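Below is one structure, written out as structure tokens; the observations come after it.
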Amino acid sequence: MVRRRTNAGRLRPGFAERYGAWALVAGASEGLGAAYARALAERGMNLVLVARRKAVLDKLAEELRGTFGVEVFCCDGDLAVSGFLETLQAACSSLDVGLIVYNATHAPVGEFASAAVEDLMRVVDVNVRAPVALLRAFLPPMTLRGRGAVVLMTSLAGNQGAPRIAAYAASKAFTRVLAEGLWHELENLGIDVIACCAGAIRTPGYAMAAGEDAPGTLDPEKVVEQALSALGRGPVVIPGFVNRAANIFMSRLLPRRTAIAIMAGSTGSLAPAKETKGES
Ligand SMILES: NC(=O)c1ccc[n+]([C@@H]2O[C@H](COP(=O)([O-])OP(=O)(O)OC[C@H]3O[C@@H](n4cnc5c(N)ncnc54)[C@H](OP(=O)(O)O)[C@@H]3O)[C@@H](O)[C@H]2O)c1
């Protein structure tokens with residue numbers, strides 16, 4: 001395939017040779033996921049884009065093909081629905097998927113005790129069950145090839161209890177610990193694993209819930225650059241100086257009760273679930 005330089009994107013080869021020809025981004029249609037897709041295409045990788053909104057994925061795919069000359073395959077569906085993973089795996093069976101980004105999330109805001117049970121279970125389905133199932137499905141071919149990479153998106157919110165986003169924060173703690181275990185388990189098999197533990201990021205989802213930037217808020221492109229640069233230097237990367245300082249302060253210096261109270265102060269102003277975007 002001919003890969004070309006354009007005004008919009010300078011190719012930075014290396015990732016395809018290091019990890020394999022194809023990258024899969026779960027939760028790719030907008031915000032951070034779309035930024036991962038662009039950065040990986042810029043590094044010469046073909047893309048499998050996964051999210052629910054087909055039209056948005058198709059538009060991004062067209063942009064990536066035109067700008068970077070890579071192949072792009074869209075697989076639209078709901079990661080919370082059992083059966084979708086089998087569809088995705090079958091669709092990718094002939095592709096050398098060497099890098100996986102799990103970015104999709106469900107992040108309802110509001111009091112736990114009055115939340116709809118379905119909404120809370122969806123947090124478990126999208127943020128916990130789906131990445132476990134996806135990795136179990138896609139890691140074996142990578143271990144056979146002796147090369148690959150995994151980026152799992154997690155959050156500083158998962159470093160301690162986070163009132164009004166309690167289930168989301170707990171799911172992000174799960175993600176970080178999962179990544180840390182896999183990092184050690186897979187490093188001698190040629191697979192780089194990293195948990196990208198982010199503070200606030202300027203994505204549509206964050207803008208809808210938070211309204212205005214918190215201290216240290218980063219653009220998606222900056223988060224992606226730092227996460228991809230940290231591959232091979234895992235298990236965890238925290239993009240942004242302010243966020244790294246906040247991480248030390250909250251998880252090492254403060255008593256846990258105080259850290260939870262500070263989190264409550266910042267999540268208290270988040271818009272309730274019914275005002276956040278659609279289902280995610
Ligand atoms: N934004 C922040 O401030 C922030 C802070 C810390 C950590 N993070 C982490 O960074 C990641 C991105 O967060 P974000 O909320 O800002 O979102 P985002 O990257 O703007 O978008 C989330 C993506 O996931 C897709 N998605 C959501 N539910 C899905 C489902 N059930 N099946 C398939 N695709 C699904 C959405 O597309 P469709 O709607 O088309 O399905 C969208 O493409 C998350 O893992 C989050 O925990 C974000």
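The values are calculated or read from the model by the stated rules, or taken from the named source; none is laboratory data. Just so it is clear, the structure is predicted and the values come from calculations on it, not from any experiment. Don't worry about glycine lacking a Cβ; one is built from the backbone with ideal geometry, like all the others, and counts go over all protein chains shown. Protein only, heavy atoms only, side chains kept; ligands, DNA and RNA dropped before computing areas. Shrake-Rupley method; radii C 1.70, N 1.55, O 1.52, S 1.80 Å.
Mind telling me which of the residues Tyr168, Tyr102 ends up being within 12 Å of the ligand (Cβ to nearest atom), under 21 Å from Glu221 (Cα atoms) and touching a residue at least 60 places away in the same chain (Cβ under 8 Å)?
None of the other options fit; the residue is Tyr102.
Conditions first: (1) open to solvent by 10 Å² or more (accessible area, probe 1.4 Å); (2) at pLDDT 95 or above; (3) out of contact with any Asp or Glu (no Cβ under 8 Å at 6 or more places or on another chain). Leu49 passes all but one, so which condition is the exception?
The failed condition is (1).
The rows are residues; the columns are (1) open to solvent by 80 Å² or more (accessible area, probe 1.4 Å); (2) of a type in the set (Lys, Arg); (3) at pLDDT 95 or above.
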| position | (1), (2), (3) |
| --- | --- |
| Phe84 | no, no, yes |
| Asp96 | no, no, no |
| Asn103 | no, no, yes |
| Phe112 | yes, no, yes |
| Ala115 | no, no, yes |
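Pick from the stretch 168-213 the residues that are touching a strand residue (DSSP E or B) at 6+ places or on another chain (Cβ under 6 Å) and not hydrophobic (A, V, I, L, M, F, W, C): which of them is surrounded by the most Cβ atoms within 10 Å (Cβ to Cβ)?
Among residues in the stretch 168-213 that are touching a strand residue (DSSP E or B) at 6+ places or on another chain (Cβ under 6 Å) and not hydrophobic (A, V, I, L, M, F, W, C), the one surrounded by the most Cβ atoms within 10 Å (Cβ to Cβ) is Lys172.
Give the residue, chosen from Val117, Val109, that is of a type in the set (Val, Ile, Thr), more than 12 Å from the ligand (Cβ to nearest atom) and over 25 Å from Glu185 (Cβ atoms).
Exactly one of Val117, Val109 is of a type in the set (Val, Ile, Thr), more than 12 Å from the ligand (Cβ to nearest atom) and over 25 Å from Glu185 (Cβ atoms), namely Val117.
Quick check on Ser280: is it modelled with pLDDT under 95, over 22 Å from the mean Cα position of the chain (by Cα) and hydroxyl-bearing (Ser, Thr, Tyr)?
no
Determine which member of the set Ser82, Ser94 is without any contact (Cβ under 8 Å) to a residue 40 or more places away in the chain and either within 18 Å of the chain's Cα centre (by Cα) or within 16 Å of the ligand (Cβ to nearest atom) (or both).
The match here is Ser82.
Somewhere in the stretch 251-266, is a residue at pLDDT 95 or above and under 27 Å from Tyr19 (Cα atoms)?
No, because not a single residue in the stretch 251-266 is at pLDDT 95 or above and under 27 Å from Tyr19 (Cα atoms).
Of all helices (runs of 4 or more DSSP H) completely enclosed by the stretch 67-181, which ones contain at least 3 residues that are among the small types (Gly, Ala, Ser)?
Filter on the stretch 67-181 gives 130-145.
The conditions are (1) open to solvent by 40 Å² or more (accessible area, probe 1.4 Å); (2) within 12 Å of the ligand (Cβ to nearest atom); (3) under 24 Å from Val25 (Cβ atoms), and Ser229 fails exactly one of them. Which is it?
Here Ser229 clears every test but (2).
Give the stretch 125-139 a look and list any residue that's within 11 Å of Leu79 (Cα to Cα) and either open to solvent by 40 Å² or more (accessible area, probe 1.4 Å) or within 12 Å of the ligand (Cβ to nearest atom) (or both), or say none.
Asp125, Val126, Asn127, Val128, Arg129, Ala130, Pro131, Leu134
Here's the yes/no breakdown for (1) touching a helix residue (DSSP H, G or I) at 6+ places or on another chain (Cβ under 9 Å); (2) more than 10 Å from the ligand (Cβ to nearest atom); (3) in contact (Cβ under 8 Å) with a residue 24 or more places away in the chain:
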position	(1), (2), (3)
Ala28	yes, no, yes
Leu40	yes, yes, yes
Gly44	yes, yes, yes
Lys54	no, no, no
Asp58	no, yes, no
Ala61	yes, yes, no
Thr67	yes, yes, yes
Val72	yes, yes, yes
